[in-house]
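Okay, so here's the structure we're looking at.
The values are calculated or read from the model by the stated rules, or taken from the named source; none is laboratory data. It should be emphasised that the depicted structure is a prediction, and the values quoted were computed from it without experimental measurement. Here the Cβ is made from the backbone with ideal geometry for all residues, glycine too, and neighbour counts use every protein chain on show.
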Amino acid sequence: MLQSAEPARMAANFRLALVQLAVGVNKAENLARAVAKVGEAARAGAQLVSLPECFNSPYGTQHFAEYSEAVPDGPSCRALAAAAREHKVYLVGGSIPEREGEKLYNTATVWCPEGQLLATHRKIHLFDIDVPGKITFTESSVLSPGNQPTTFTTPWCEVGVGICYDIRFAELGQLYRDRGCRLLIYPGAFNMTTGPAHWELLARGRAVDNQVYVATPSPARDTEAGYVAWGHSTVVNAWGEVVAKAGEGEEIVYAEVDVESVASVRAMVPTSLQRRGDIYTVVDRERLEENNRVNTSYQLGSAKVVDTVAADSLGPKTAFCRCWKSKKFPLCDGAHGKHNQACGDNLGPVIVTKAKQ
Ligand code: FES
């Protein structure tokens, strides 16, 4: 395939839908309702649809274990994959409680119109707060945090994903912007204390400081629930204007996302070019580690990779890589000249020869 140094030009505009779902205690009903709403949004022309945080479960530490399931093989993910495929939409599956072994996570999955999993985001910042007399919540008492930022590619733009409390951390938003995102989606479930105080403020803040669209899908408000969600699913444009906003009850809000307008805002107020990297900086540690890795032919993992080679298995002449970049590592693939060009080293392989018997 012909590759270009310039990223392929992306289509300009698309229709985004946020499903402000009424979430109850019956998981099967929540799922069926979510899938029906995805269909409704698609019929109204939506090309990218997002569900809210905890769309298959009531929100609360006492519920997460009971409603948890495997990602991506559990029933909620299967339903999302089928809905994305049937309705030909990009689908952000809000979040669900995920179980992996003994651990639980608050996890968003992203599906493409063919029903394939594009990305998985585990909530990075857990919701541990104490506002005396109003709300105390300790997500970390049952959930484990995710450890990775998450972006995915659509035909229109790169999209960054956070979950609820993640929106309070400006550095994550900046990292997404630096990775080329023009839209950030934060499925969330703010409450009756934090909602009126900060829900819209944070969405507008992240939009203005990164000059991106920001979308915040919420569950509908249910005053009978143990945890009462604020509602008001919102889309903010790159200029910081609210372009779509739901009320409190179940509804779908739509926004035309004008991807080119992001570039105009950035051209008019070029803050990213005016940053003072000599005074402060946000470091994308994942990218930094990728760039610094010596041997990228191995996956990153916790286990140390050791190769033991039996002398008997060697041919009469075996070349072992010493530049640490061979695709056939630990064997030399002959490409050390190219590998070494960038760093100026002059390392070739170690050649082991066997004495003739
Ligand atoms: Fe690394 Fe040959 S590829 S030394």
Check your understanding: So which of Asp284, Asp258 is modelled with pLDDT of 90 or more, outside the structural domain of Leu184 (by TED's automatic domain parsing) and surrounded by 11 or more Cβ atoms within 10 Å (Cβ to Cβ)?
Key -> Asp284
Check your understanding: Does at least one position in region 349-357 carry a residue that is near the ligand (Cβ under 8 Å from one of its atoms) and surrounded by 15 or more Cβ atoms within 10 Å (Cβ to Cβ)?
Key -> yes
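If a residue has to be crowded, with 21+ Cβ neighbours inside 10 Å and either closer than 28 Å to Glu260 by Cβ or among the basic types (Lys, Arg) (or both) to count, how many in region 102-148 make the cut?
Here the count works out to 6.
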**Study point:** All positions within region 26-63 that are touching a Ser or Thr at 6+ places or on another chain (Cβ under 9 Å) and either closer than 12 Å to Ile252 by Cα or surrounded by fewer than 15 Cβ atoms within 10 Å (Cβ to Cβ) (or both)
**Key:** Ala34, Ser50, Leu51, Pro52
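Find the residue count for region 202-231, including only residues that are under 18 Å from Val19 (Cβ atoms), in contact with a Gly (Cβ under 7 Å, 6 or more places away or on another chain) and not aromatic (Phe, Trp, Tyr). Walk me through how you get there before you give the answer.
Initially, region 202-231 is screened for residues under 18 Å from Val19 (Cβ atoms), giving 203, 213-222, 225, 229-231.
Pick out the ones that are also in contact with a Gly (Cβ under 7 Å, 6 or more places away or on another chain) and you get 216-218, 220-221, 230-231.
This time we only want the ones that are not aromatic (Phe, Trp, Tyr), so: 216-218, 220-221, 231.
The number of residues fulfilling the criteria is 6.
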Practice item. Give me the pairs, please: first residue somewhere in region 109-120 and assigned by TED's automatic domain parsing to the domain that holds Ile163 and without any contact (Cβ under 8 Å) to a residue 24 or more places away in the chain, second residue anywhere and assigned to a loop (DSSP other than H, G, I, E, B) and of a type in the set (Val, Ile, Thr), beta-carbon distance under 7 Å, and either six or more positions apart or on two chains. Key: none
Review point. Quick one: Ala238 ticks every box in (1) assigned by TED's automatic domain parsing to the domain that holds Gly45; (2) not in a loop (DSSP other than H, G, I, E, B) bar one, so which box is it?
Key: (2)
**Study point:** Selected residue (only one of Leu104, Leu31 is within 20 Å of the chain's Cα centre (by Cα) and on the phi < 0 side of the Ramachandran plot)
**Key:** Leu104
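Of all residues in region 142-165, which are among the small types (Gly, Ala, Ser) and touching a Leu at 6+ places or on another chain (Cβ under 9 Å)? Walk me through it before giving the result.
Our first condition is that a residue be among the small types (Gly, Ala, Ser); within region 142-165, this holds for 144, 146, 160, 162.
Listed by number, the residues that qualify are Ser144, Gly160, Gly162.
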Practice item. Take the residues in region 313-330 that are surrounded by fewer than 16 Cβ atoms within 10 Å (Cβ to Cβ) and either more than 12 Å from the ligand (Cβ to nearest atom) or over 21 Å from Asn291 (Cα atoms) (or both), then tell me which one is modelled with the lowest pLDDT. Key: Ser313
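Quick grid of which residues meet (1) at pLDDT below 95; (2) on the phi < 0 side of the Ramachandran plot:
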position	(1), (2)
Pro187	no, yes
Met192	no, yes
Trp199	no, yes
Ala215	no, yes
Gly240	no, no
Val265	no, yes
Gly277	yes, yes
Practice item. Within region 199-248, track down each residue that is polar (S, T, N, Q) and surrounded by fewer than 21 Cβ atoms within 10 Å (Cβ to Cβ). Key: Thr223
Exercise for review: Kindly indicate which of Val259, Val283 is touching a residue at least 40 places away in the same chain (Cβ under 8 Å) and either hydrophobic (A, V, I, L, M, F, W, C) or over 29 Å from Asn13 (Cβ atoms) (or both).
Suggested key: Val259
Check your understanding: Do we find that Ala203 is aliphatic (A, V, I, L, M) and either within 19 Å of Lys37 (Cβ to Cβ) or modelled with pLDDT under 95 (or both) in this structure?
Key -> no
